[in-house]
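Visitor: I have a structure here, written as structure tokens, and I will follow up with some questions on it.
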Amino acid sequence: MIIAAIEAGGTKFVCGLFEADSGGYAKPSLLARESVKTTSPAETLAAALAFLKKSAESSGSPDCLGIGCFGPVDLKPSSPTWGRVTATPKPQWRDADVAGYFRSELGVPVAFDTDVNAAAYGEYLWGAARGLKDFVYLTVGTGIGGGVFSGGALIHGMSHPELGHLRLAREAGDDYPGRCPFHGGCLEGLASGPAIGERWKADPASLPPGHPAWELEARYLARAAAAYALVLSPERILIGGGVGMRPGLVERSAELLGEELAGYLPALAAPERLADFLSRPALGSEAGLYGSAALALRLCED
Ligand code: ZN
């Protein structure tokens with residue numbers, strides 16, 4: 001069968017068409033993909049739709065579509081605003097009906113979740129969380145967000161977890177106010193890519209290894225990971241995203257996580273255990289797209 005997937009991100013929409021085997025959860029084969037820059041909802045959604053329709057001409061029409069969307073989004077199936085973006089800092093996207101648009105334009109069932117829940121699901125099926133019933137996937141890039149698997153299922157609850165908006169104890173001497181429009185110095189406000197750029201007045205990619213920016217970044221990620229470890233009792237925490245995938249960052253955070261926990265969780269006492277516990281997603285930058293395909297596959301299989 002053919003499945004379509006969209007990783008709907010705040011800077012780009014990555015769209016893909018896949019061929020998948022029926023009756024199982026084998027990793028599907030990518031037939032075509034395209035990135036569309038995120039501008040206004042009307043322009044972005046139309047460009048993504050045009051790609052899917054064009055590739056369907058040669059590959060066959062999709063049976064279903066999975067969308068992993070930047071948030072916050074409305075995920076309540078019974079809600080009249082299901083499938084929409086809600087209180088986003090991007091004013092144009094507020095109330096944008098992402099899932100409804102594709103459902104009516106393509107005429108197929110649409111699975112809709114947060115981008116990070118989708119990526120977590122992809123890692124669960126085909127990545128670094130295979131076989132785990134309890135884990136956290138965190139992405140650190142333009143923003144910070146996370147998906148949580150608990151007891152073998154994605155947590156939704158009243159909406160979805162917001163791991164990036166945790167307020168953290170400040171590191172001594174750090175007086176940067178933070179840039180979250182809602183909280184100032186929450187994790188996202190202190191440690192997202194734009195926060196690093198603003199704090200150090202430089203493009204994060206240009207900051208060399210050994211720059212104090214990276215030690216501080218590793219410290220805040222370790223502090224957040226300690227909170228997730230204590231509250232959720234996951235078996236693993238995966239950190240990805242444009243900033244999160246920077247060489248050495250997750251490894252350093254894993255070392256600092258030991259300090260943050262101060263020996264409190266015996267299961268994580270050994271340094272090699274920490275390095276396994278706080279590690280990288282296996283699907284890397286593909287986690288969002290494949291995770292969205294995984295959502296579509298699950299919908300088709302159900
Ligand atoms: Zn915040």
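Visitor: State the Cα centre-to-centre distance between segment 11-55 and segment 269-302 in whole Å.
Guide: Computed from Cα coordinates, the inter-centre distance equals 19 Å.
Visitor: Can you compute the charge dipole magnitude of the chain about its Cα centre, using +1 on each Lys and Arg Cβ and -1 on each Asp and Glu Cβ, nothing else charged? Give it in debye, rounded to the nearest 20.
Guide: Its charge dipole is roughly 320 debye.
Visitor: Now for a different question. Summing -39500 (n - 2.57) over the DSSP H runs of n ≥ 4 in the chain and dividing by its residue number, what mean residue ellipticity at 222 nm do you reach, to the nearest 500 deg cm²/dmol?
Guide: Rounded to the nearest 500, the figure is -11000 deg cm²/dmol.
Visitor: Mind telling me which of 205, 254, 172 comes out most flexible in a GNM of the chain, alpha-carbon contacts under 10 Å?
Guide: 172
Visitor: Still on this structure, I have one more. Residues in segment 1-25 near a label at residue 43, defined as backbone nitrogen under 14 Å from the 7 Å Cα→Cβ point?
Guide: 11-13
Visitor: Exposure proxy check: 67, 2 ranked by fewest other beta carbons within 10 Å?
Guide: 2, 67
Visitor: Right, another one. Using Cα-Cα distances under 8 Å and only pairs 6 or more residues apart, what relative contact order does segment 128-281 have, in percent?
Guide: This gives 26 percent for segment 128-281.
Visitor: Nearest 20 debye, what's the magnitude of the dipole of segment 128-281 about its Cα centre given +1 on Lys and Arg Cβ and -1 on Asp and Glu Cβ?
Guide: Rounded to the nearest 20 debye, it is 260 debye.
Visitor: A follow-up question, please. Just the number, please: percent antiparallel of the DSSP beta bridges in the chain, rounded to the nearest 5.
Guide: Antiparallel bridges make up about 60 percent of those DSSP assigns within the chain.
Visitor: Now a separate question. Students often forget the sequence filter, so: which lysines lie under 27 Å Cα-Cα from residue 201 once same-chain residues fewer than 8 apart are removed?
Guide: Once the sequence-local lysines are set aside, what remains near residue 201 is 12, 37, 90.
Visitor: Provide, as a two-decimal number, the C-alpha radius of gyration of the chain over 2.2 N^0.38 Å, N being how many residues it has. Walk me through the intermediate numbers first.
Guide: Numbers: Rg = 19.0 Å, N = 302, 2.2 N^0.38 = 19.3 Å.
Computed over Cα atoms of the chain, the ratio equals 0.99.
Visitor: So, one more: What nm distance separates the two modelled labels at residue 12 and residue 92, each placed 7 Å from Cα along Cα→Cβ?
Guide: 1.7
Visitor: Work out the FRET efficiency for residue 79 and residue 203 from their Cβ-Cβ distance, taking R0 = 35 Å, and round it to the nearest 0.05.
Guide: 0.30
Since every read-out is calculated from the coordinates, none of them should be taken as a lab result. If you're wondering where the values come from, they're calculated on a predicted model, not measured in any experiment. All Cβ positions, even for glycine, are placed from backbone atoms using ideal geometry, and neighbour counts span all protein chains on display.
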